[in-house]
Structures are given as C-alpha cells and as structure tokens.
Amino acid sequence: MTHSPTPLRIAVVGSSCRAAVACLRRSDVAAVAADQFADADLRQMAQACQLDNYPGDIPAWLATTDATHWIYVGGLENHPDIIAAAAAVRPLLGVDSPALPAIRDPLLLQSRLRDAGFRFPETQVEPPSAGRWILKPRRSAGGLQIREFSQPTPNADVVYQRFVPGRCFGAAFVAIAGKAQSLGVTRQLSGRKWKAPQPFQYAGSIGPIQLPQSQQQQLQSLADFLVASTQLQGMFGVDFIVRGDELWPLEINPRFTAAMELSPVDVMRLHLSAWLPEWRSEHPVRKPTAPAIGGKLYLFAPCDVAWTESLGRTLQQTAAEISLEIADIPMAGVKITRSAPLLTLLGSAAELGIVSSRLRNGAKRVLQRLIADK
C-alpha cells in the first residue's frame, strides 16, 4: 500500500515570492508568503504580507503562521543570521546558515573551484593595477551594486573580480540524495541593454535552451562537484559566462531562482523530494502545456508611479496585444519610485528569438503606455 505525502503548508520568504508560490501551486502545495512587496497577484495565490522591517521581521512573522516548513528565495542567503533565527522557529527546507560561506563567499568559492580544476574569474580584496575588473559586493544578489572598477573603495565588504567577456546564462539543478540533476539552462537578461537601472542588474531570463554537449558536460561536472563538496541540497542555481567553449561560473545560488518558473519540470516537487523522502518519485511531474521557450522580463519604473487598478488593467491589455502577461502586479495605492521594480512580463513562443523580440516590444509598449497615462 502506498501512502500520500503528509499535507504541507510552505512559508516562502525573500525579496519577492510570487514565482516560488506559483510553482508551489503547480505542485498542489499550500503556501503562505512574506516579502518586500506582497503584490496583488501574490495575494490572490496565497495568504501574503509585506514586512515593514525586511528581513528582520521574518522569524517573528514565521512564528505567527501555521506553516509546516519554510523556504527562502532571492536575497535572503545574504542574511545568515536571519536564516538561523527562522530555522529555529520552523523546519527549513533549504541550505542552513552554517553551510552558506562555502557556497556564497567569492574568495572561498574561487579557492575551492580552482583547486578542483574549474575556472573562476580572478577575485581579490586588493585593488588591481591593470586590466578590466569589476567591483562586486561579497554578498551579492541580482547583480545589484556591481560596477566597473575605476578606483579603489574603502568598503571592506567588496571584492575586485577580473571581467570575463561572454554571454550570461543561468543553470538550474536539484540535489537529491547527493546527486545533481539538471533542470535546464536559461539565457540571462541583464543590464541597461534590457533597461535595468544598474549595469549588471538581473532583468530576466529566456529558456530553457540547449548548450553544446561539451559545455553541458562542464556544467554537470561543476554541479556534481558542488554537491559532493558542500551541503547543497534541493534546488540551486549556477550563474555562469560562456566564452568560446569555456564555462566560467560566477555565483552559486543555494535556493529557488527567478528563472525556475520557466522550467517545464515540476521544480517544487523535486525540491520537496530532496528534503522529504516520502515525496520522492522516479519521474518528475511536468506541466502538460509547457511552452517550448518561456521568457520573463522585469520592468523598472521610468518615473515615479502611483499605481491604480485602472492602470493595471490598461497595462495588462497592452501586454496581451502581443501575447504577453503581466505579473508581480502592485497593490492599488502603492507609490513606486523611479528605477524601482514595476512589474514582470511573461510570455512563450516556439523560438528563443521570438520570445526575446516579444519581450523587447512588450517592454517598449507597456512603458510608453504607462508614461502616456501618467
């Protein structure tokens, strides 16, 4: 006789929870959420709240919920003290704070990967004397606060990293029982080319895409090594650059990543399988209507915006005219300052080029309509 897994209620916390909650819903798992925005569409999917003191209020909020477990999403890995405090309140289905330095610290990661024969951009604490370098926070997230190096900074919480030219990608994996399983690769959209306010800021993803076999083998070897040498378990992401046939890892994200909602694989069921043996299955559940190629693009406010339900309906209609949807929709009455996150465009098509073009056109039309209606 087989037994159904025990019903779960997962609390999702992080800077923006909508994508993770949407994936939990696809897996028929109940969720509650707390983040910096608590957007309107998130509130339609789950009981959600906006924390006045983010991330400091997370442990206290978690204690008020009826969640059976919790997971964290973007940015919270940079607050190990908050993770530790929250893990004392409810069971964490994710990498706990003691294991994070080996995964997140760029200097430790450089040493570990290079010693194992993998590439990693030269990274140091001393200002460089020649060449092209970037200045990067030791606790980075979403490409924020990364900039080209021009002069030294007294900030001890940054590193100098040699710039590696190439195309940016993100790979999704799940580690189950000590083995890394690929969930797909996406092309990363970032920087001012995609209208992000900062030069290296993450703006979205398109995929899944297929890498050449040699690069996929390099990526799988890297993931296998990371799982064997750290405490990675469940979902994790690898940001990397492809230069020629070379693969250069940049950062490891020990959690659900923004691009994972584009995956045709039931990522949350696999994540639960990694932590709860009763959820394990030999065959991952796939969405029956998965698009060939999916895309998401963050839009940032071109000016100060006072959000209204009427504006939301207008922009939703504008996006729909070119087969796109909007997500991460602000609550009515919210005031959004210039360059802050505005909303997300979502779409799909048969080819990567079509998705890319549609997202570009959609962004242009939506922002033009926004300014016209302001």
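The values are calculated or read from the model by the stated rules, or taken from the named source; none is laboratory data. Model, not experiment: these values are computed from the prediction. Cβ sites come from the backbone with ideal geometry, for glycine too, and all protein chains shown count toward neighbours. These accessible areas exclude ligands, DNA and RNA; they are computed on the full protein's heavy atoms, side chains included. Shrake-Rupley method; radii C 1.70, N 1.55, O 1.52, S 1.80 Å.
Data for the structure
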| quantity | calculated |
| --- | --- |
| Sole residue being buried (at least 16 other Cβ atoms within 10 Å of the Cβ), at pLDDT 95 or above and more than 30 Å from L311 (Cα to Cα), chosen from A20, A11 | A11 |
| Output for the range 32-86, where each listed residue is free of Cβ contacts under 8 Å to residues at least 12 places away in the same chain and under 25 Å from I252 (Cβ atoms) | none |
| Selection from the range 303-329 of residues that are open to solvent by 50 Å² or more (accessible area, probe 1.4 Å) and in contact with a helix residue (DSSP H, G or I) (Cβ under 7 Å, 6 or more places away or on another chain) | S323, E325 |
| Residue tally, condition touching a Leu at 6+ places or on another chain (Cβ under 8 Å), surrounded by fewer than 16 Cβ atoms within 10 Å (Cβ to Cβ) and either of a type in the set (S, T, Y) or over 21 Å from D239 (Cα atoms) (or both), over the range 84-127 | 1 |
| Filtered residues of the range 189-236 (kept if touching a residue at least 40 places away in the same chain (Cβ under 8 Å), in a loop (DSSP other than H, G, I, E, B) and open to solvent by 50 Å² or more (accessible area, probe 1.4 Å)) | K195, P199, F200, Q231, Q233 |
| Residues of the range 336-353 satisfying the condition of being under 17 Å from A258 (Cβ atoms) and small (G, A, S) | A340, G347, S348 |
| Wholly within the range 1-94, helices (runs of 4 or more DSSP H) carrying at least 1 residues that are within 29 Å of G333 (Cα to Cα) | 18-26, 40-45, 58-64 |
| Failed item in (1) buried (at least 18 other Cβ atoms within 10 Å of the Cβ); (2) within 28 Å of L93 (Cβ to Cβ), with F149 passing the rest | (2) |
| Scope the range 52-67; condition surrounded by fewer than 17 Cβ atoms within 10 Å (Cβ to Cβ) and either in contact with a strand residue (DSSP E or B) (Cβ under 7 Å, 6 or more places away or on another chain) or polar (S, T, N, Q) (or both); matching residues | N53, T64, D66 |
